[in-house]
Structures are given as C-alpha cells and as structure tokens.
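The values are calculated or read from the model by the stated rules, or taken from the named source; none is laboratory data. Keep in mind that what you see is a predicted model, and the values were worked out from it rather than measured. When we count neighbours, we look across all protein chains shown, and the Cβ atoms used for this are built from the backbone with ideal geometry, even at glycine. We work out accessible area using only protein heavy atoms, side chains counted, and drop any ligands, DNA or RNA first. Shrake-Rupley method; radii C 1.70, N 1.55, O 1.52, S 1.80 Å.
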Amino acid sequence: MLMTTKPMFDLAYAGGFGVGAFNVNNMEITQGIIEACAKEKSPCILQISKGARKYANIRFLRRIIDACVEEYPNVPIAIHCDHGDTLDLIKACIADGYTSVMIDGSHHDFEHNIKLTADAVKIAHAAGVVVEAELGMLGGIEEDVVGLDAHEYEKNVEKFLTDPEQARDFYARTNIDSLAVAIGTSHGAFKFKHEPKLAFDRIEKIMKTCPGLPLVMHGSSSVPKEFIDLINKHGGNMPGTMGVPEEQIAKAVRQYGVCKVNIDTDLRLAMTAKIREVFATKPTEFDPRNYLGPARDAIVTMVQRKLQMLNSAGKADAIIAHWKKQGEPMPEVYGAKV
Ligand code: G3H
Ligand code: 13P
Ligand code: ZN
C-alpha cells in the first residue's frame, strides 16, 4: 500500500525498529526488494536518486513501482526522492507521485540550508508529501563537494558530525518530518580505513534537542566480506572495502530515534557478485534472465537479512492499520500540480 513515511516512522520511533530505504534503478532491483518485504511482512521505502531518474527514465521506474503497489497490497511502500538538491527536482518528484522527498542542502551554509529546506517543506506539505533534510556532512561522496579526501574526512570526522544545537534551530525553523544526521556513517563501499564507531552520544543529544523527530542514517551499508570475496574471486578488484558493522546499525534503530536506514551499496554488491559468479562459472551463458534472475534472488536474500537486522520484519500490518486509522487519504499526489 502506497503511503508517506509518517505512519512508518510513528511506529518505528516508538517501537525500536528502522525502515529500510533501498535505492531502485531497474526492474530486478525493485522486484528483489519488494519480494523480500512481502516475505518478511515489512515496510519499505523505495528511493530514487537523481542518477536513477536519469538512468531508467522516471516514467519507467514509476510504472515498475506502481506494479509493486498493485501486486503487494500488504506491503507499506513509500516512494522517496534520495538526495534531492533543487526545488525544481522536488516539484518534479511530487508531480511524479513520490510520497516523500529529501532536500539535501547539507553542503550549503547553515542559513542557505534552512531557507532551501523551509521552501521545500512548504511545497511538499501543500501536496501531502513529507520531507527529509540533512545537517552535517557524511563521508564517501559528500566530502568531494567541498574538496576533502576520504582520509582527511575520517581524521577530522568529529568536526563534520551533526551539531545538536544547530539541529534544534534547524528543526524549529523548517518544520521537517525527518532529519538525516551525520553520526559517523559514510556512502559507498570504501567507507573507512579503520573499524568505525557510530557516535551514539551525538544521536542521544540530537534526540534531546529535537524530541520526537525521526532520524535518518545515510551510508548504512555494511559491505559484507563474503560478497567482496565473491566479486574478487570472479574477476573483480575491490581491495580495501569497509562498511558499517550491522550490530551498530541494529543498536541505532533499537535503542535510538533512528527510523530510516539508507542502503544502496550492499544491494549493488549482491547483484554484482552474483552476475560475476554466473559469468565466471558459465562462460557460455548469454541469456540475461539467467544472470539477472540469480542477481534478483541475491537482492531478495540481502534485503531479507537487512529487514531482520532493522527489526522491521513483521511490522507491515500494524503500519497499514495505523495509516488507515489516521484517516489519511491515499496520497492523491500522482500528477499533482505544484
Ligand atoms: O547516496 C547515494 C545513493 O547510493 C545513490 O547513488 O547517485 O549513484 O544513484 P547514485
Ligand atoms: P550506502 O552507500 O552505504 O549504501 O548508502 C546509501 C545511501 O545513503 C543512499 O542515500
Ligand atoms: Zn545518502
């Protein structure tokens, strides 16, 4: 069932679980995610980056997601814009029927970020769409924006974490629905040189300055060694990878206000490992169904593992009941004029 993230986060905040937000780029990835959610009776956020909109053509992606909504009425689904950077993109996403958008002004100065975010909130809320914003700077991709290398970022990480007092001001002046926080996670497969420790003390402080505000963790792939080994065994070359340990993510969603956990890299790894394995072990194979099919199965298994880790397995029915009880109409935003 299509909905905003609000009923998901209401229950996640109170119930000690996190909703997985998985990036979709094509049919097999989307099908793998939704099948896993159906098997685990879990909600999911299908998130679409600017790159995905361009790669797949949003009209195609939207129809794949429409099919998910029709085929899986018992899975709570939100469609989310990942790392939206302009108001024009936010407006386009709302017109395309997204139920949630991220406006990422974290690379701008504080006042600019507030203005951009507050404007996005006004536009989105008028259409019944919820808004995630970001404060602080994650590693992996975002440091490129300000010309830092990954090593410099890791050495000075404290400086880039979300400031709890700024978060208080930001929340009060923007009216956002959720906040992506920098607490030591990082995008991509090469996140850290050393085993990371998430800044739980920071999360605790942000929960105090922004009571009840659902928090979001980007860059939350764990980069499991077995998939890297499989990739490297079958012709890949990915030395020096490192992710966020799953125990730390499990702790963030169970004990703290982290309600949304973004995972893209681990799905890419699962898919790539399986395709490489098929190509290496069956050199005569040339039917795409025989490598994309196993890749899709690998996504199902990977997402099931994540849903269990996030403690969101089994929460689908309660979320749907909560959504209906709130009397929220199904978002009538598909094609809305903004
Ligand atoms: O945080 C970024 C996501 O992994 C999406 O990546 O921009 O390559 O689609 P992308
Ligand atoms: P990973 O690269 O850790 O999967 O993070 C994805 C993400 O944050 C998408 O916004
Ligand atoms: Zn991200």
Q. Name the pairs: first residue in region 49-60 and of a type outside the set (Ser, Thr, Tyr), second residue within 16 Å of ligand 3 (Cβ to nearest atom), Cβ to Cβ under 7 Å, at least 6 apart or on different chains?
A. Lys50/His83; Lys50/Leu89; Ala52/Asn23; Ala52/Val24; Ala52/Asn25; Ala56/Asn25
Q) Name the residues in region 1-34 that are surrounded by fewer than 24 Cβ atoms within 10 Å (Cβ to Cβ) and more than 29 Å from Gly212 (Cβ to Cβ), would you? A) Asn25, Asn26, Met27, Glu28, Thr30, Gln31
**Q.** Counted residues, region 77-124 - those being within 16 Å of ligand 2 (Cβ to nearest atom) and surrounded by fewer than 19 Cβ atoms within 10 Å (Cβ to Cβ)
**A.** 3
**Q.** Residues (open to solvent by less than 10 Å² (accessible area, probe 1.4 Å) and either within 16 Å of ligand 2 (Cβ to nearest atom) or of a type outside the set (A, V, I, L, M, F, W, C) (or both)) located in region 205-222
**A.** Leu215, Val216, Met217, His218, Gly219, Ser220, Ser221
Q) Looking at region 6-51, which of its residues are in a helix (DSSP H, G or I), in contact with an Asp or Glu (Cβ under 8 Å, 6 or more places away or on another chain) and aliphatic (A, V, I, L, M)? A) Ile34
Q) Do you know which of the residues in region 223-240 that are more than 20 Å from the chain's Cα centre (by Cα) and within 16 Å of ligand 2 (Cβ to nearest atom) is surrounded by the fewest Cβ atoms within 10 Å (Cβ to Cβ)? A) Gly240
Q: Quick one: count up the residues across region 282-319 that are farther than 24 Å from Val19 by Cβ, in contact (Cβ under 8 Å) with a residue 60 or more places away in the chain and not in a helix (DSSP H, G or I).
A: 0
Q) Which residues, counting only those in region 240-271, are in a helix (DSSP H, G or I), β-branched (Val, Ile, Thr) and in contact with a Leu (Cβ under 9 Å, 6 or more places away or on another chain)? A) Ile249, Val253
**Q.** Candidates Ile65, Ile33 - the one that is within 14 Å of ligand 2 (Cβ to nearest atom) and either out of contact with any strand residue (DSSP E or B) (no Cβ under 6 Å at 6 or more places or on another chain) or over 27 Å from Phe170 (Cα atoms) (or both)
**A.** Ile33
Q: Report yes if some residue within region 217-239 is part of a loop (DSSP other than H, G, I, E, B) and more than 27 Å from Lys274 (Cβ to Cβ); otherwise report no.
A: no
Q. So which residues in region 35-45 are open to solvent by less than 10 Å² (accessible area, probe 1.4 Å) and farther than 15 Å from Val131 by Cα, if there are any at all?
A. Ala36, Cys37, Ser42, Pro43, Cys44
(Q) Whether any residue in region 64-77 is within 16 Å of ligand 3 (Cβ to nearest atom) and part of a loop (DSSP other than H, G, I, E, B) is what I want to check. (A) no
